[in-house]
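We did not get these values from a lab; they are worked out from the coordinates using the rules stated. What you see is a predicted model; the values in this text were computed from it and never measured. Because the Cβ atoms are built from the backbone with ideal geometry, glycine has one as well, and the counts that use them run over all protein chains shown.
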Amino acid sequence: MAPPLGFLSSKYFGLYCLLSIGFTIYLLVVSSPPITFGTLSTADRHPKQHIQYRGPYAIAIFLASKSNERPEDSDNDDGYYVSARTIVYQLLHSPSTKLRNPVPVVILVSQHARESKRQRLRDDGAIVVNVDDVAHNMTITIDRWTDTFTKLRLFDPNVVPYEKVLLMDADIALTHPIDAIFQDSNTDPRETNQTALTEPEREPLPEKYIMAASPESLQRDHSYPFLDPDNLSTRFNSGLLMYSPSTELFQHYLKLLENPDLYYTGGPDQDLLNYAHRWGGPMPWRRLHYSWYLNWPNDNDFKGNMAMLHTKWWDHEFSYSSDSVEKFAFARRWEMEGYWIGKEGYISH
Ligand SMILES: *[C@@H]1O[C@H](CO)[C@@H](O)[C@H](O)[C@H]1NC(C)=O
Ligand SMILES: *[C@@H]1O[C@H](CO)[C@@H](O)[C@H](O)[C@H]1NC(C)=O
Ligand SMILES: *[C@@H]1O[C@H](CO)[C@@H](O)[C@H](O)[C@H]1NC(C)=O
């Protein structure tokens, strides 16, 4: 698998150097002894695996291929692709939402996706990485989820070589810059609880892990903030989460794929991740601050200025968000288009 070397020649390389130098100084000054999170290792009974991370932070997005795409369809008929372009614009270019301290935006693209889409995403400023499918034997009933298990490759540090990564679904719109999410208190590495291992987890897990996400509200009609003080919602939504790529973690997920009876209820990667990071298990997930994200965003979340709005603005039936949220995201899509027309005369098709 080719590493995303395009990044090295990108216009963010200078900034990245500055950030890594800054981060290194920060580590030297703040941590005593220096933390060794950059070289996660397996338990002693297994050979050590050292990971060379290319940088401290990144944002990663998985772009599935469009099922039933016909040759005559335009790229713009693929709502996830247009949304991915929109979020890249919002993260890297939009004056109102771009990262104040830019980090690489890595897009994993299924091998089935069109080259024209990959090229445009590169031109938009993203690092595009092509990935092979992840093999599995599960029955996936919803068409648009066909290759969501391929999303698991985001957890492979050979594919996404950064220490702390924000995974975002492509269909998310920003209301303001999100730099501070990398400092959210629940996104720091935690020790894996090796005594909570059960079958089939008797295998090397990372010594430390990050898994911070937001609970499923499962109510379209909820208030903002959705606090869930009694932790009634024990499952998280996998549309937005912070994690640390790790060989052990990736191998662990692949192992879980062979044991779907442990967790599978029809919601592909989300079921698997929720099992791997269940409360009471070895690597329990923790909550992100409520102001970042909640699935099925409604008018309350929008008025409350929640940072990330998950909405399929092109598909009302599956959007599960309120009209105001859909309209907001739809306007961002055209703001993106206008930006590229103004900047380089590029009109999408
Ligand atoms: C680790 O897991 C064990 C077994 O489930 C549990 O009793 C213990 O409280 C856990 N330790 C921590 C620090 O959560
Ligand atoms: C809910 O979970 C959070 C974080 O896991 C914990 O701090 C809090 O005490 C829990 N609340 C209850 C009522 O168990
Ligand atoms: C799928 O099933 C085949 C045949 O039983 C088996 O060889 C393969 O390992 C399975 N793959 C996974 C990921 O479970």
**Request:** Kindly rank 256-266, 304-314 from highest to lowest mean number of other beta carbons found within 10 Å of each residue.
**Result:** 304-314, 256-266
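Express in nm, to one decimal, how much length is gained between Asp123 and Ile347 on full extension, taking 0.36 nm for each residue of separation and deducting their alpha carbon distance.
79.4 nm
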**Message:** If you average the alpha carbon positions of segment 266-315 and of segment 105-143, how far apart do those two centres end up, in angstrom?
**Reply:** 22 Å
**Request:** Please give the residues of segment 243-269, grouped as numeric ranges, whose backbone N is less than 16 Å from a label point set 7 Å along the Cα-to-Cβ vector of Thr234.
**Result:** 262-265
**Message:** Can you give me the long-range amide H partners of Leu288? Hydrogens built in the peptide plane at 1.01 Å from N, cutoff under 5 Å, separation of 5 or more residues or another chain.
**Reply:** Ala213, Ser214
**Fill in**
Relative contact order of segment 55-344 (C-alpha contacts under 8 Å, at least 6 apart) in percent is 21 percent
**Prompt:** What does the highest-first list of 72-82, 234-244 look like by mean Cβ count within 10 Å?
**Reply:** 234-244, 72-82
**Request:** Note down the nm distance, to one decimal, between modelled labels 7 Å out along Cα→Cβ at Tyr320 and at Asp179.
**Result:** 3.2 nm
**Complete:** Per its Cα gyration tensor (rounded if a/c is under 1.5, else prolate when a/b beats b/c, else oblate), segment 121-229 is best filed as rounded
**Message:** Suppose the chain between Thr195 and Glu72 were pulled fully straight at 0.36 nm per residue; how much longer would it get relative to their current alpha carbon spacing?
**Reply:** 38.8 nm
**Message:** Cβ neighbours within 10 Å, averaged per peptide: list 132-138, 212-218 in order, most packed at the top.
**Reply:** 212-218, 132-138
**Prompt:** If amide H atoms are built 1.01 Å from N in the plane of the peptide, which residues on other chains or at least 5 residues away come under 5 Å of the amide H of Val106?
**Reply:** Ile59, Ala60, Ile61, Ile127
**Complete:** Once Asn186 and Lys327 are pulled to full extension, the length gained, defined as 0.36 nm per residue separation minus their Cα-Cα distance, is 47.6 nm
**Message:** Can you tell me which lysines have their Cα less than 27 Å from the Cα of Lys208? Leave out same-chain residues fewer than eight positions away.
**Reply:** Lys48, Lys151, Lys164, Lys255
**Thr265-Arg100 FRET efficiency (beta carbon distance; Förster radius 56 Å; 0.05 resolution)** = 0.90
**Request:** Quick one: what are the phi-derived ³J(HN,Hα) couplings along segment 53-70, Karplus 6.51/-1.76/1.60 with θ = phi - 60°, whole Hz, x for glycine and proline?
**Result:** 6, 8, x, x, 10, 7, 10, 10, 10, 9, 10, 6, 7, 7, 6, 6, 6, 9
